Amino acid sequence: MSIAHADMQAARQALSEGDYAQAVEQLEAVLAERPDDSKARFLKGLALARSGDTQAAISVFERLTGQRPDMAEAWNNLGVLRARRGSLTGARDALQRAIRIDPKHGPAQENLGDIYVALAREAYGRAGDLEEDNAIARAKREQLAAFIDNAGGSGIGAADTSGDADAGANTSAADGDSADRALVDADTPAAAVQRWADAWSAQDVAAYLGVYAEDFVPAEADSRAAWAAERRERVSSPARIEVSLGDTRIERRGDQALARFEQRYRSDTYQDVEAKALLLTETDDGWRILREGAPDTVDFTAAGDTAPTGDGDPARASADAVAADVRAALENWAEAWSDQDVQGYLDAYSDNFEPAGDRSRAAWAETRRERVQSPDWIRVELDDIRVTRGADGAVKARFEQHYESEGYSDRERKQVTLERENGGWRIIRES
């Protein structure tokens with residue numbers, strides 16, 4: 001084993017353990033021996049970014065993009081870091097470059113969307129400042145700001161800049177106001193699966209294991225701890241790993257998703273191609289892997305929530321009845337909102353509703369009263385309502401919400417938690 005190889009292994013281990021200073025030291029030793037090692041330079045930029053030294057990380061990725069102008073992952077990370085420093089136009093240019101190189105680079109496409117949202121917010125703000133009577137521009141800025149806040153940053157928050165010189169980076173755009181707030185980058189099953197493959201390719205053990213759910217069940221291990229120890233060894237040991245996925249098909253059922261694909265694995269000593277399946281579950285931190293194995297050994301563990309009848313199963317019939325009641329409650333909520341029926345709208349919320357942030361329910365209700373009453377007209381429609389039941393008796397509903405008024409319109413994926421209260425289902429939390 002060469003000294004540079006040993007240093008790379010030590011750097012990856014330090015990176016996975018969060019010892020970024022040690023990782024940088026080991027990577028500098030590699031670069032002293034191999035100045036053109038793009039993988040080492042990429043990982044150095046990653047370590048600096050994770051340590052919080054954004055400017056130094058930018059310098060590394062700028063040098064890397066000069067050395068490897070065809071590396072979409074480097075341009076994507078450069079865009080993220082420029083946004084973190086508040087340079088939205090510089091971020092936009094880097095992300096556009098990443099997409100020109102790789103039009104299928106999903107993270108870069110999403111990050112560019114985040115940048116456009118931030119640029120739009122700034123432009124509406126400037127228009128409102130320049131024209132005191134431009135109430136529409138100010139309203140649009142306020143609506144965008146509210147949307148960003150409600151979406152936990154709408155993606156415009158710092159993310160875990162991970163990846164590898166030979167595999168897709170897994171990053172999200174940032175702005176200076178929220179540079180330390182992590183963005184869930186596995187908010188779709190497809191993104192979670194790609195994140196898993198990227199982390200494996202990067203030999204980033206912490207990121208790789210982080211894609212697995214806490215209650216992941218290993219197929220061939222005595223315990224999750226034993227499985228994790230084995231995976232840590234197998235992911236970190238090879239000199240290099242490349243994992244790519246093909247023919248990916250994803251099926252959704254409630255808060256679970258089943259991904260089937262062809263997995264191509266290559267390391268310095270071994271390569272293979274196999275059919276594989278991952279069962280994912282949706283958590284508050286995004287989609288996580290619950291089971292994995294051959295396609296014929298992995299299947300949904302949760303019942304679907306869209307069947308119209310219980311097919312003779314009392315438990316299934318009961319679940320269907322709950323789902324129907326919850327959908328009816330949500331449709332009534334959307335109808336009251338559309339009718340600007342403030343009392344009907346507020347009645348859809350539990351007395352124990354928990355507003356986001358530190359606001360009291362009374363303060364939240366006053367704000368909502370104003371926003372529901374103010375427009376001349378409102379139209380709210382809900383699509384693709386998916387209902388799942390929790391062990392505590394509460395239910396979660398996820399749906400597509402379409403909002404339109406005379407001055408603004410948007411579309412967003414939303415989640416609410418409801419509890420049975422006073423003979424009906426009422427909202428206890430929303431996000």
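The values are calculated or read from the model by the stated rules, or taken from the named source; none is laboratory data. Please read all numbers here as calculations on a predicted model, not as lab measurements. Every residue, glycine among them, receives a Cβ derived from its backbone with ideal geometry; neighbour counts consider all protein chains shown. SASA here: full protein model, heavy atoms, side chains in, ligands and nucleic acids out. Shrake-Rupley method; radii C 1.70, N 1.55, O 1.52, S 1.80 Å.
The set of residues from the stretch 76-112 being closer than 21 Å to Ser244 by Cα, basic (Lys, Arg) and assigned to a helix (DSSP H, G or I) comprises just one member, Arg100.
A single entry from Glu25, Glu73 fulfils the requirement of being open to solvent by 50 Å² or more (accessible area, probe 1.4 Å), part of a helix (DSSP H, G or I), under 19 Å from Ala202 (Cα atoms) and not basic (Lys, Arg): Glu25.
Yes/no per residue for (1) of a type in the set (S, T, N, Q); (2) at pLDDT 90 or above:
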residue	(1), (2)
Leu330	no, yes
Ala336	no, yes
Ala348	no, yes
Gly357	no, no
Ser360	yes, no
Thr367	yes, no
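Starting from residues that are surrounded by fewer than 18 Cβ atoms within 10 Å (Cβ to Cβ) and touching a helix residue (DSSP H, G or I) at 6+ places or on another chain (Cβ under 8 Å), keep the ones in the stretch 11-22 and report whichever is modelled with the lowest pLDDT. Looking at residues that are surrounded by fewer than 18 Cβ atoms within 10 Å (Cβ to Cβ) and touching a helix residue (DSSP H, G or I) at 6+ places or on another chain (Cβ under 8 Å), I get Glu17. Counting the residues of the stretch 323-374 that are open to solvent by 20 Å² or more (accessible area, probe 1.4 Å) and among the β-branched types (Val, Ile, Thr) gives 1.
Being open to solvent by 60 Å² or more (accessible area, probe 1.4 Å) and at pLDDT below 85 is a property that does not hold for Asp7. Within the set Ala32, Ala94, Ala98, the sole residue that is hydrophobic (A, V, I, L, M, F, W, C), open to solvent by 60 Å² or more (accessible area, probe 1.4 Å), without any contact (Cβ under 8 Å) to a residue 60 or more places away in the chain and farther than 16 Å from Gln203 by Cβ turns out to be Ala32.
Give me the residue from the stretch 46-63 that is under 17 Å from Ala206 (Cα atoms) and open to solvent by less than 40 Å² (accessible area, probe 1.4 Å) and, out of that set, modelled with the highest pLDDT. For the stretch 46-63, the residue satisfying everything is Leu48. Quick one: would you say Ser405 is more than 18 Å from Asn332 (Cβ to Cβ), under 29 Å from the mean Cα position of the chain (by Cα) and surrounded by fewer than 16 Cβ atoms within 10 Å (Cβ to Cβ)? Taking the combined requirement at face value, the residue does not satisfy it. Can you spot a residue in the stretch 399-415 that is in contact with a helix residue (DSSP H, G or I) (Cβ under 6 Å, 6 or more places away or on another chain) and modelled with pLDDT of 85 or more? Within the stretch 399-415, none of the residues are in contact with a helix residue (DSSP H, G or I) (Cβ under 6 Å, 6 or more places away or on another chain) and modelled with pLDDT of 85 or more.
Filtering the stretch 235-242 for residues that are over 17 Å from the mean Cα position of the chain (by Cα) and on the phi > 0 side of the Ramachandran plot leaves an empty set. Only one of the listed residues (Asp320, Asp341, Asp325) is modelled with pLDDT of 90 or more and either in contact with a helix residue (DSSP H, G or I) (Cβ under 8 Å, 6 or more places away or on another chain) or closer than 29 Å to Leu418 by Cβ (or both). That residue is Asp341. Does at least one position in the stretch 412-423 carry a residue that is in a strand (DSSP E or B), in contact (Cβ under 8 Å) with a residue 24 or more places away in the chain, under 16 Å from Glu335 (Cα atoms) and more than 23 Å from the chain's Cα centre (by Cα)? Within the stretch 412-423, not a single residue is in a strand (DSSP E or B), in contact (Cβ under 8 Å) with a residue 24 or more places away in the chain, under 16 Å from Glu335 (Cα atoms) and more than 23 Å from the chain's Cα centre (by Cα).
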